[in-house]
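Only one structure is covered here, and it is reproduced in the block below.
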Amino acid sequence: MSATAFVLFAGALAGAVIGGLYLGLLWAAVRHLPQNRGGVLVFVGLALARMVLLLGALAAAAALAVPAMGLVAALAGFVVVRLAATRLLGRATQGDDAWK
């Protein structure tokens, strides 16, 4: 496997993992939101966790000197996970569009 293919594969895999963690945190935050007072605090706390996750991933990429194509591959992996989650979980909504 050439270095370019490895960078693309590793970037896409890292982006997919980070996307899965991000969407998992978002799902947990939205599930706690309807609760009385504690729901808002959990939502804000998990929003901060999502921000730390993304900033940490960018800092790690900068520290490892990941090339631009690796960052684009990571973004592609993130988007693929997001689209897959939207399609799979959107079907569970009865009588409404997936994005509503």
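What follows draws every value from the coordinates through simple rules; no lab data is involved. These numbers were taken from a predicted model, which means no experiment stands behind them. Reconstructed Cβ throughout: ideal geometry from the backbone, glycine too, with neighbour counts over all protein chains shown.
For this structure, a couple of remarks:
- Residue order for Val80, Val66, Val44, fewest other beta carbons within 10 angstrom first, comes to Val44, Val80, Val66.
- Rg/Rh ratio calculated on Cα atoms of the chain (Kirkwood radius): 1.08
- FRET E, pair Ala47, Val80, Förster distance 25 Å, beta-carbon r, rounded to 0.05: 0.60
- Positive dipole terminus of the chain, leading residue within Val81, Leu26, Ala57 (C-beta point charges): Leu26
- Across segment 26-85, Cα pairs under 8 Å and at least six residues apart give a relative contact order of 21 percent.
- Listed residues Leu41, Leu89, Leu23, most fluctuating in the chain (Gaussian network, C-alpha, under 10 Å): Leu89
- Fluctuation leader among Ala16, Ala29, Ala59 - the chain, Gaussian network, Cα springs under 10 angstrom: Ala59
- Taking the chain and dividing mean pair separation by its residue count, relative contact order in percent (alpha carbons under 8 Å, at least six apart): 42 percent
- Remark: spin-label model distance Ala61-Leu88 equals 2.3 nm, labels positioned 7 Å along the Cα→Cβ axis.
- Using Cβ point charges alone (K and R +1, D and E -1), the dipole size of the chain about the Cα centre works out to roughly 220 debye.
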